[in-house]
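S.K.: Take this structure, written in structure tokens, and hold onto it; I'll ask about it next.
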Amino acid sequence: MSGEFMRFRWLVLLFLSLSSLTACTQDPQWTLFYYVDSKEIPESVTLSENISGYYATSEQCIAKGKGLIRLSDSGVGSFQCGHLCVATEDGGLTCDSILESF
């Protein structure tokens, strides 16, 4: 009986380990760019310097951006959520599309 229990525990542990690895390998689809104490998106901005996280959905990205503004000391800020952003050869970023503060 204890041998069967040990095998069962081992299988459960193996399953949990493998499923957690799968979750860690999912690529984020959305990148949050947050601008502290700025009501407007700055005119000339380096996106890579303002990354504040990566999210699976636009809804998650927007919620986090709004939360950062609420939690800021000034209550002021702006953000953008970029979809499928990748690094460029010159060290910048390019995104398929960008959603601005709501």
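S.K.: Residue-wise, which Karplus ³J(HN,Hα) couplings in Hz belong to segment 37-48, taking 6.51 cos²θ - 1.76 cosθ + 1.60, θ = phi - 60°, and x for glycine or proline?
M.R.: Values, residue by residue: 6, 10, 6, 10, 5, x, 4, 10, 9, 9, 3, 4 Hz.
S.K.: Return one whole number: the accessible area per residue of segment 30-101 in Å², for a 1.4 Å probe.
M.R.: 61 Å²
S.K.: Out of residues 5 or more away from residue 85 or on other chains, whose amide H comes under 5 Å of its own, with H placed 1.01 Å from N in the peptide plane?
M.R.: Under 5 Å from the amide H of residue 85 lie the amide H atoms of 31, 96, each far enough along the sequence or on another chain.
S.K.: Something else: Residue by residue through segment 51-66, which ³J(HN,Hα) values in whole Hz follow from phi under the Karplus form 6.51 cos²θ - 1.76 cosθ + 1.60 (θ = phi - 60°), with glycine and proline marked x?
M.R.: 5, 10, x, 10, 9, 6, 10, 5, 4, 5, 5, 5, 4, 5, x, 4
S.K.: To continue, here is another question. Can you pull out the GluC sites (Glu not before Pro) in segment 46-102 whose DSSP state is coil and whose Cβ has at most 16 other Cβ atoms within 10 Å? Walk me through the intermediate numbers first.
M.R.: On the way: sites: 49, 59, 89, 100; in loops: 89.
Taking segment 46-102 and a limit of 16 other Cβ atoms within 10 Å, the loop GluC sites (Glu not before Pro) found are 89.
S.K.: How large, in percent, is the carbon and sulfur part of the accessible surface of segment 30-101 at a probe radius of 1.4 Å? Could you put the intermediate results ahead of the total?
M.R.: On the way: 2140 of 4400 Å².
Carbon plus sulfur share of accessible area: 49 percent.
S.K.: Once you put a point 7 Å from the Cα of residue 87 and another 7 Å from the Cα of residue 71, both along the Cβ direction, what distance in nm separates them?
M.R.: Result for the modelled spin labels: 2.6 nm.
The values are calculated or read from the model by the stated rules, or taken from the named source; none is laboratory data. Worth saying up front: this structure is predicted, and the values here are computed from it rather than measured. Every residue, glycine as well, gets a Cβ built from its backbone with ideal geometry; the counts of neighbours run over all protein chains shown. These accessible areas exclude ligands, DNA and RNA; they are computed on the full protein's heavy atoms, side chains included. Shrake-Rupley method; radii C 1.70, N 1.55, O 1.52, S 1.80 Å.
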